[in-house]
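Peer 1: The structure that follows is given in the form of structure tokens.
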Amino acid sequence: MNWWRRLRHDDDLEMHLDAELRDHLERQAVDYIAQGMSDADARRRARLEFGGVDQVKEVCRDARGTRWAIDIAQDVRFAARLLMKDRWFTLAAVVALAVGIGLNGTMFTIVNAMTRGLPIEHADRIVSIDARDGAGHWRGLGGSYRDFLDFQAGMKTVSGLAAFSQTGTTLGDDDHVNEPAAMCYVSANTFQLLGETPVLGRSFLPEDDRPGAPAIVILGGSIWKARYDSDPALIGRTIRIGGVPAIVVGVMPDGFRFPVLSDVWQPLALQPGLDSQRRDTRALHVFGVLADRKSRAQAQSEAGGIADRLSREYPDTNRNVGAVVAAFPGPFAPDPILRALMAAVGFVLFVASANVASLLLARSAARAHEMATRAALGATRWRIVRQLLVEGGLLACAAGASGLAFSLVGVWLFSKAVLGINFPYYIQWTMDRQVLWFVAAACLGTGCFVGLLPALHVAHTATHRSVNEGGRTATSGVDRRRWTTALLIAELALTLILLDGAGLMMRSFLAVYRADLVVDAAHVTAMPLTLPRPAYGTPSQRIAFYETLERHVEAIPGVSSAAFANVVPFSGGPSRHLAIEGRAFVQGEPQPTVSFVTVRGRYFETLGVGVLHGRTFIDADGVPGREGAIVNQRLVTLFFPHAAPIGQRIRLTPMNGPPGTPPDWITIVGVSPTVRQQYFQDLDPVVYVPDQADVGGMTLIVRSLASSPGSVSPLVRGAVSQLDADISLGTIRPLEWFMTTSRWGHRVFGGLLTVFAFIALALAAVGLYAVTAYSVVQRTQEIGVRMALGAQAGAIVWLFVERTMRPLSIGLGIGVIGALGMGRLLRGFLIQTSATDPATMAGIAVLLAAVCAAACVFPARGAACLDPLKALRYE
């Protein structure tokens, strides 16, 4: 019988053991009776020779190998009864730990969702191949088409290499109105590498991804259901993609929207102008799957070798262009902010655990006699430690169950807070196995922490104290005070770090909010549109369409003005390297970058902002040789702090541009207010240039009159359809939507950090209150003596406040150092705020000191109101 079966049948084994021992004693007594002894003498003689029955039972139980499990079960039952007896203490400890564990579970679920990647098998083996220059800087989205073909043919460390390019398109057919759709050109092996197959029809074949192949398309499951009512007869039908007929060959599963939110896929060879692209046009995302027993380091070495070869063979386009192999798709949110938030919830859990450990240390004084009795009866130090560890483990398990429920609520609240944000399709706010393992590890660590420190302290004092000794000794009291003070210092330091981080993020959010007030976003809507390449393949065709559409839109009743831009304010956009005429570029230093926006029409008037200096664009600004640009005030502050920007010449180089002939110089003709273009970073310098129809996709921005903002959008959509039925406007959104959603990072992550910080502050205040109240109880007789000798109430209060101020001052000193580290971690996300902002740090320190003073003053005032006679008689 194995140990598990012996443990399960322990009652039966005990019954058999008792029967066997009784039988043995009975047989021995019978033998003595046969020798002439009386019955009483025979039984007494048998018991004396056999020895103690209970001792023999203990030896037999030890031989079974299940004694440890039985002892732990006894410890668990005793601990459960003890915790139920002190139910108010148990409730306070469980709530504090549940909050800490729940916040950790919530935050880890969020981080895990943002970093776990694609929901496919072996997602961790998918890698991307990006371009980088000789200095190791990222240079583009991945690679050019011709470079991709070379990498695809040369890399052996991957089982396959694929590429894709995202764009927008218009979906049309004879039975439905045109509608915009997110499209992705993919190489034929993309779905095969991802392990995804269509639920209807077939996937792309190699012959589909060749120049001259018939145009085909695969649709997403959501479009198939919503637009075509899940009609299986759609396979083989011809629809229009961007005005070009294409045969539907497959439908992907519902929910699959690779790489981000795509609903339409076509072979990469159908991308317009792909064959004529130069090697320095690096607009493709390239990814692959590592082969068996191959590592990312091996793939990096092989990709670097191929990049070096291409650099030598094609120096005009590939000189100093390397390759970097990275995880795909990578984290959605910036890694530093995720690390900061995980550290924050870790700090909260530590503060909660330190509070519970302090309560258990205080509670250990009342159990000193119990532990001394155990030690006197033969209990070893390990036995005492184990008992208290089991109590801490039960607290952690109860808190873990509650914390898991708390995490579910926290994740649900977070999903509501980010509702409307276009997260990639693979980000799902759900708990998986990794989250459950993390919560289990947090419970285990918490149980060890809250139980081990009191257990070691009690075991040490119990083995050095007699049973007759009182529950207090000078040595144990000093040791307990030292541990409690150390935990309190750590709590206060971590709380200051969290409060400082929250203060910096909140100041940044307010700075963003104030900066956005420069734009009059009321009654402004943005409408993205994409021109089909076959019908608008030349700049002159695009110019004619934009000019005609602008006239039609501004003629609509209720429209105040209209303009076009390649990107909407607050929504990101392309960047360019900036060079200023007359200023040498310093080798080894990063070249400054600016946001790049191409505009057409009355752009600034439509946004409700004016030009601060200089003038707006005129037609001559777009003529070759007379290029003009308008820059925002942020650029002037950064690069022309002591010079007039008007008339200065700048050069804008694409981030992934060729190293050959540089672009022409552009003259600054105006300065606009600072309108944010990028998000989740500091206010960015922006350069606006007149659109020369080099981009096929623009966004129509329309300002309506205050009386008719809602009635304009259908009229604009009708004007576009009247000009060309194959062009469809994308999702029409108010400019205020872009403004608000661009602040989601600071709003959500800053809000989370603030919540964590104030929970830590509340826990630290409760812990300080409990420590002070316990100190009042312990020193009740001393207070009575002091008051009997004439001590005033203020002196009694100061006795406890002064004792608290020492750990507070030490905690503030340590916390200031930690706050500097937190500021450095958040530095990339601070807006118009220094990472070492003294005003924020001073205000947080004052807040923490005030809360701590209040937390210790209340129990201290209670001590000052004690009756001296009752205090002297207190035990």
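The values are calculated or read from the model by the stated rules, or taken from the named source; none is laboratory data. Remember, it's a predicted structure, so these values are computed and weren't measured experimentally. Cβ placement follows ideal geometry from the backbone for every residue including glycine, while neighbour counts extend to all protein chains displayed. Keep in mind that these areas ignore ligands, DNA and RNA; they rest on the heavy atoms of the full protein, side chains included. Shrake-Rupley method; radii C 1.70, N 1.55, O 1.52, S 1.80 Å.
Peer 1: Report yes if ARG312 is among the basic types (Lys, Arg) and within 25 Å of PRO654 (Cβ to Cβ), otherwise no.
Peer 2: Numbers: among the basic types (Lys, Arg): yes; within 25 Å of PRO654 (Cβ to Cβ): yes.
The answer is yes for ARG312.
Peer 1: Hey, another quick one. Give me the pairs, please: first residue somewhere in segment 407-433 and over 22 Å from GLY221 (Cβ atoms) and β-branched (Val, Ile, Thr), second residue anywhere and assigned to a helix (DSSP H, G or I) and at pLDDT 90 or above, beta-carbon distance under 6 Å, and either six or more positions apart or on two chains.
Peer 2: Between residues of segment 407-433 that are over 22 Å from GLY221 (Cβ atoms) and β-branched (Val, Ile, Thr) and residues that are assigned to a helix (DSSP H, G or I) and at pLDDT 90 or above, the close pairs are VAL411/THR106; VAL411/THR109.
Peer 1: Next question. Mind checking which pairs have a first residue in segment 116-134 that is under 14 Å from GLY195 (Cα atoms) and open to solvent by less than 40 Å² (accessible area, probe 1.4 Å) and a second that is hydroxyl-bearing (Ser, Thr, Tyr) and at pLDDT below 85, Cβ under 7 Å, 6 or more apart or different chains?
Peer 2: Short answer, once both residue conditions are applied: none.
Peer 1: Moving to a separate point now. What pairs come out if I take residues in segment 434-451 that are part of a helix (DSSP H, G or I) and pair them with residues that are among the acidic types (Asp, Glu) whose C-beta lies under 7 Å away, six or more apart or interchain?
Peer 2: Here the result reads GLY451/GLU391, each pair linking segment 434-451 to a residue that is among the acidic types (Asp, Glu).
Peer 1: Okay, moving on. Inside segment 613-663, can you point out the residues that are surrounded by fewer than 13 Cβ atoms within 10 Å (Cβ to Cβ), touching a strand residue (DSSP E or B) at 6+ places or on another chain (Cβ under 9 Å), modelled with pLDDT under 90 and among the aliphatic types (A, V, I, L, M)?
Peer 2: ILE618, ALA620 - these are the residues of segment 613-663 that are surrounded by fewer than 13 Cβ atoms within 10 Å (Cβ to Cβ), touching a strand residue (DSSP E or B) at 6+ places or on another chain (Cβ under 9 Å), modelled with pLDDT under 90 and among the aliphatic types (A, V, I, L, M).
Peer 1: Could you tell me whether ARG542 is at negative phi, modelled with pLDDT under 90 and out of contact with any strand residue (DSSP E or B) (no Cβ under 6 Å at 6 or more places or on another chain)?
Peer 2: Numbers: at negative phi: yes; modelled with pLDDT under 90: yes; out of contact with any strand residue (DSSP E or B) (no Cβ under 6 Å at 6 or more places or on another chain): yes.
Yes: the conditions hold for ARG542.
Peer 1: Let me ask another. Go through the residues of segment 179-189 one by one and say whether even a single one is at pLDDT below 90, more than 18 Å from PRO259 (Cβ to Cβ), buried (at least 22 other Cβ atoms within 10 Å of the Cβ) and touching a strand residue (DSSP E or B) at 6+ places or on another chain (Cβ under 8 Å).
Peer 2: The answer is no; no qualifying residue exists.
Peer 1: Further question: If I ask for residues that are closer than 24 Å to GLY730 by Cα, modelled with pLDDT under 90 and aromatic (Phe, Trp, Tyr), which ones from segment 664-707 would you list?
Peer 2: Passing the criteria: only TYR679.
Peer 1: Which residue, of THR169, THR197, THR157, is in contact with a Lys or Arg (Cβ under 7 Å, 6 or more places away or on another chain), at negative phi and of a type in the set (S, T, N, Q)? Spell out how you get there, then give the answer.
Peer 2: Numbers: THR169 fails: in contact with a Lys or Arg (Cβ under 7 Å, 6 or more places away or on another chain); THR197 fails: in contact with a Lys or Arg (Cβ under 7 Å, 6 or more places away or on another chain).
Of the residues listed, the single one that is in contact with a Lys or Arg (Cβ under 7 Å, 6 or more places away or on another chain), at negative phi and of a type in the set (S, T, N, Q) is THR157.
Peer 1: Next question. Which of the residues spanning segment 520-541 are crowded, with 20+ Cβ neighbours inside 10 Å and out of contact with any Gly (no Cβ under 6 Å at 6 or more places or on another chain)?
Peer 2: Residues satisfying the conditions are ALA521, HIS523, VAL524, THR525, ALA526, MET527, LEU529, TYR536.
Peer 1: From the set of residues in segment 216-234 that are open to solvent by less than 30 Å² (accessible area, probe 1.4 Å) and outside any helix (DSSP H, G or I), which is nearest to SER262 (Cα to Cα)? Give the steps one after another, and end with the answer.
Peer 2: Let us first name the residues in segment 216-234 that are open to solvent by less than 30 Å² (accessible area, probe 1.4 Å), namely 216-221, 223, 227-228, 234.
With outside any helix (DSSP H, G or I) added as a condition, the list becomes 216-220.
Working: ILE216: 16, VAL217: 13, ILE218: 11, LEU219: 9, GLY220: 8 Å.
The qualifying residue nearest to SER262 (Cα to Cα) is GLY220.
Peer 1: Report the residue count in segment 542-588 for those that are open to solvent by 60 Å² or more (accessible area, probe 1.4 Å) and among the small types (Gly, Ala, Ser).
Peer 2: Residues meeting the conditions: 4.
Peer 1: In segment 718-736, is there at least one residue being at pLDDT 90 or above and assigned to a helix (DSSP H, G or I)?
Peer 2: Applying the first criterion (at pLDDT 90 or above) to segment 718-736 yields 734-736.
Among the residues that remain, those that are also assigned to a helix (DSSP H, G or I) are: 735-736.
Taking every residue of segment 718-736 in turn, at least one turns out to be at pLDDT 90 or above and assigned to a helix (DSSP H, G or I).
Results for (1) open to solvent by 40 Å² or more (accessible area, probe 1.4 Å); (2) at positive phi; (3) modelled with pLDDT under 90, shown as yes or no for each residue.
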site: THR430; (1), (2), (3): yes, no, yes
site: TRP437; (1), (2), (3): yes, no, no
site: THR446; (1), (2), (3): no, no, yes
site: PHE449; (1), (2), (3): yes, no, yes
site: LEU453; (1), (2), (3): no, no, yes
site: GLU469; (1), (2), (3): yes, no, yes
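Peer 1: Same structure, new question: With (1) part of a helix (DSSP H, G or I); (2) touching a helix residue (DSSP H, G or I) at 6+ places or on another chain (Cβ under 9 Å) as the list, and GLU605 as the residue in question, which single condition is left unmet?
Peer 2: GLU605 satisfies all of (1) part of a helix (DSSP H, G or I); (2) touching a helix residue (DSSP H, G or I) at 6+ places or on another chain (Cβ under 9 Å) except (2).
Peer 1: Considering only segment 826-848, state which residues are surrounded by 17 or more Cβ atoms within 10 Å (Cβ to Cβ) and either hydroxyl-bearing (Ser, Thr, Tyr) or not in a loop (DSSP other than H, G, I, E, B) (or both).
Peer 2: Once the filter is applied, which keeps residues that are surrounded by 17 or more Cβ atoms within 10 Å (Cβ to Cβ) and either hydroxyl-bearing (Ser, Thr, Tyr) or not in a loop (DSSP other than H, G, I, E, B) (or both), segment 826-848 yields LEU826, PHE829, THR833, THR840, MET841, ILE844, ALA845, LEU848.
Peer 1: Please verify whether LEU866 is at pLDDT below 85, of a type in the set (A, V, I, L, M) and not in a helix (DSSP H, G or I), treating the condition exactly as stated.
Peer 2: Considered against the rule, which asks whether it is at pLDDT below 85, of a type in the set (A, V, I, L, M) and not in a helix (DSSP H, G or I), LEU866 comes out as yes.
Peer 1: Taking the condition under 32 Å from the mean Cα position of the chain (by Cα) and not in a helix (DSSP H, G or I), does LEU118 pass?
Peer 2: Values: under 32 Å from the mean Cα position of the chain (by Cα): yes; not in a helix (DSSP H, G or I): yes.
When the stated conditions are applied, LEU118 passes them.
Peer 1: SER159: open to solvent by 20 Å² or more (accessible area, probe 1.4 Å), closer than 25 Å to ASP292 by Cα and part of a strand (DSSP E or B), yes or no?
Peer 2: Working: open to solvent by 20 Å² or more (accessible area, probe 1.4 Å): yes; closer than 25 Å to ASP292 by Cα: yes; part of a strand (DSSP E or B): yes.
Judged against the criteria, SER159 is a match.
This table checks each residue for (1) farther than 30 Å from GLU121 by Cβ; (2) hydroxyl-bearing (Ser, Thr, Tyr); (3) surrounded by fewer than 14 Cβ atoms within 10 Å (Cβ to Cβ).
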{"residue": "PRO245", "(1), (2), (3)": "yes, no, yes"}
{"residue": "VAL248", "(1), (2), (3)": "no, no, no"}
{"residue": "PRO267", "(1), (2), (3)": "no, no, no"}
{"residue": "ALA291", "(1), (2), (3)": "no, no, no"}
{"residue": "SER311", "(1), (2), (3)": "yes, yes, no"}
{"residue": "ALA327", "(1), (2), (3)": "no, no, no"}
{"residue": "ASP335", "(1), (2), (3)": "no, no, yes"}
